[in-house]
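This report concerns only the one structure given below.
The values are calculated or read from the model by the stated rules, or taken from the named source; none is laboratory data. Remember, predicted model here, so these are calculated numbers, not experimental data. Virtual Cβ from ideal backbone geometry, glycine too; neighbours counted across all protein chains shown. What goes into the accessible areas is simple: the full protein's heavy atoms, side chains included, and nothing from ligands, DNA or RNA. Shrake-Rupley method; radii C 1.70, N 1.55, O 1.52, S 1.80 Å.
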Amino acid sequence: MNINHQAERLANAYADAILRLSYTYLKNTYDAQDVCQTVFVKLLTEPREFDSAGHERAYVLRMAANACKDLLKSPWRKRTCGLETVLEVPAPEAGDGSVLAAVNELPAHYRTAIYLFYYEGYQAAEIGKILGVPTATVHTRLARGRARLKDILGGMDYERSV
């Protein structure tokens, strides 16, 4: 297959998922776009054969997650700050109350598990393979993430309402 056709196929199939997953880790659109580009460059320069489309998708998302983790722990990122941090800090904006905004407030490990489960439709065992953690850890992260979302969104405790 021609490299241009391969690049177009990969971009059509995975660009949105990579950007969304990267944004959940990095909370920055430009960094998420950089990770997306990095993943595509690696996929095109180091081609692999996959057993199925599902295996390819899991591999691509795993590459994206690893690239985000690498970026987050890079020394350059720890020593620099964005221009927005030096500007006068405006009054905090009220959240729009959406579930996605609440999910973005979660710590990265809860946010990633919830995103992959609810937005991408992966099962806990598949998420464990993608993130390199045991399935039980994924279940714990999902449960704790849901509990935090309930607090953030002001959910009622069902036992009190009965």
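Of all the listed residues (104, 66), the sole one being at negative phi, at pLDDT 90 or above and polar (S, T, N, Q) is 66. Modelled with pLDDT under 90 and not hydrophobic (A, V, I, L, M, F, W, C) - does that describe any residue in region 131-138? No: zero hits. Residues that are crowded, with 16+ Cβ neighbours inside 10 Å, touching a helix residue (DSSP H, G or I) at 6+ places or on another chain (Cβ under 6 Å) and of a type in the set (A, V, I, L, M, F, W, C) number at least 3 in the following helices (runs of 4 or more DSSP H) confined to region 102-158: 124-131, 135-153.
Residues checked against (1) within 25 Å of residue 72 (Cβ to Cβ); (2) open to solvent by 30 Å² or more (accessible area, probe 1.4 Å); (3) at pLDDT 90 or above:
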residue: 16; (1), (2), (3): yes, yes, yes
residue: 21; (1), (2), (3): yes, no, yes
residue: 32; (1), (2), (3): yes, no, yes
residue: 35; (1), (2), (3): yes, no, yes
residue: 39; (1), (2), (3): yes, no, yes
residue: 47; (1), (2), (3): no, yes, no
residue: 57; (1), (2), (3): yes, yes, yes
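If you go through region 104-126 and keep only what is under 19 Å from residue 153 (Cβ atoms), among the aliphatic types (A, V, I, L, M) and more than 11 Å from the chain's Cα centre (by Cα), you end up with just 106.
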